[in-house]
Amino acid sequence: MRALDYRRPESAQEAVELVSSHPGARYLAGGSNLVDHLKLGVAAPDVLVDVSRLPLDDVEEVEGEDGAVLRIGANVRNSDLAAHPVVRSRFPVVARATLAGASGQIRNQATTAGNLLQRTRCVYFQDVTTACNKRKPGTGCSALGGYARYNAILGASAHCVTTHPSDLAVGLAAVDATVVVLGVEGERRIRLEDLHRLPGDRPEADTTLAASDLITAVELPMVDTDTRSTYAKVRDRASFAFALVSVAATLRMEGDRVGEVRIAWGGVAHKPWRARRAEAALTGGGIEEDAVRAAVDEELATATTDDGTAYKVAMVRNTTTMTLLRLAGEVRR
């Protein structure tokens, strides 16, 4: 047994102060990821700051800086988020991405903020007997030349080739979500696209947050009612499996032309990958199979597949094409 201190703050501000004053402290909410890492020896905090009882569990429409947003509290459970009527009707991509993650039991426990802050499921990261730059900087990356089925094909580096595991994060990336963060200097907002980072030479840093930063909410800009969205996930089995490849997409047509399209991919990079080159290539044109495949190939021009991950390129191309054609069909009907 490893001794640690347990604190239960009364407010978000108190939680930030506790973590900022204890370098070895970690936030604890649903615990579905952190508790596993405590058992495996991947994480060894000196202090656990329990934020699960803070009043951050509302879902409500509020007026943001640039218009109406749906504000989702950090402690909203995944099951509640997926079942919320506004999420289901206006943001089906978010509801479906949430339901694609883990199992029903875990979704009852896991929180919105915790889902965004999941750490990789790379087998070497979770095995403390192997070298892993993300777990222990400077030791090397065992996934290079090792078991590569889940490796990244975009944005990887010589220091880390792992992928981000969250389904919800990919769905939120496709709706231009903003993350509300409370830090020692007060509250700020970060685009979800800028929350996670590529590994570079610092793979141990999953996000752009400071250690004491606390996510308090996620805000989704309210979308036009004629925007359609969905989430598709390719995995080894139908439940409780991480994505080999996933696609989150939103589509608004103007007649037979694309007025706006947003595409985010999971299972391909160290972070949810927003496919902006593909979006630009498709905007203004029609949603036809050849056009979608060409746009995807343009986005994948820098993909690295020399470690046995070439299958992911075909998966991304086929899943994105199927998803957009399906959304375009719904619009046309």
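The values are calculated or read from the model by the stated rules, or taken from the named source; none is laboratory data. Quantities reported herein were computed from a predicted structural model and do not represent experimental measurements. Note: ideal-geometry Cβ built from the backbone for every residue, glycine included; neighbour counts use all protein chains shown.
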Exercise for review: Go through the residues of the range 79-88 one by one and say whether even a single one is in contact with a Gly (Cβ under 8 Å, 6 or more places away or on another chain) and hydroxyl-bearing (Ser, Thr, Tyr).
Suggested key: yes
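Within the range 96-119, how many residues are free of Cβ contacts under 8 Å to residues at least 60 places away in the same chain and either surrounded by fewer than 17 Cβ atoms within 10 Å (Cβ to Cβ) or closer than 18 Å to residue 264 by Cα (or both)?
The total comes to 5.
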Practice item. From 162, 130, 139, grab the single residue that is buried (at least 24 other Cβ atoms within 10 Å of the Cβ), of a type outside the set (A, V, I, L, M) and at pLDDT 95 or above. Key: 162
Exercise for review: Could you look through the range 312-324, keep only residues that are free of Cβ contacts under 8 Å to residues at least 40 places away in the same chain and surrounded by 14 or more Cβ atoms within 10 Å (Cβ to Cβ), and pick out the one that is nearest to residue 156 (Cα to Cα)?
Suggested key: 317
Check your understanding: Mind checking which pairs have a first residue in the range 128-148 that is in the same structural domain as residue 305 (by TED's automatic domain parsing) and on the phi > 0 side of the Ramachandran plot and a second that is surrounded by 14 or more Cβ atoms within 10 Å (Cβ to Cβ) and at pLDDT 95 or above, Cβ under 7 Å, 6 or more apart or different chains?
Key -> none
Study note, to complete from the structure: Selection over the range 81-94 where residues are surrounded by fewer than 24 Cβ atoms within 10 Å (Cβ to Cβ) and within 18 Å of the chain's Cα centre (by Cα) yields a count of 3
Review point. Would you call residue 148 within 22 Å of residue 26 (Cβ to Cβ) and either at pLDDT below 95 or among the aromatic types (Phe, Trp, Tyr) (or both)?
Key: no
Study note, to complete from the structure: Exception for residue 192 within (1) over 21 Å from residue 278 (Cα atoms); (2) not assigned by TED's automatic domain parsing to the domain that holds residue 287 falls at (1)
Point to revise | Residue among 210, 232 that alone is among the hydrophobic types (A, V, I, L, M, F, W, C), in contact (Cβ under 8 Å) with a residue 12 or more places away in the chain and surrounded by 19 or more Cβ atoms within 10 Å (Cβ to Cβ) | key: 232
Point to revise | Every residue from the range 153-173 that is within 10 Å of the chain's Cα centre (by Cα) and either closer than 15 Å to residue 220 by Cα or polar (S, T, N, Q) (or both) | key: 166, 168, 169, 170, 171, 172, 173
Study note, to complete from the structure: Residue count, the range 241-256, condition surrounded by fewer than 21 Cβ atoms within 10 Å (Cβ to Cβ) and either within 24 Å of residue 308 (Cα to Cα) or not assigned by TED's automatic domain parsing to the domain that holds residue 314 (or both), comes to 1
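Does residue 6 satisfy the condition of being of a type in the set (Ser, Thr, Tyr) and exposed (fewer than 15 other Cβ atoms within 10 Å of the Cβ)?
Against the criterion (of a type in the set (Ser, Thr, Tyr) and exposed (fewer than 15 other Cβ atoms within 10 Å of the Cβ)), residue 6 qualifies.
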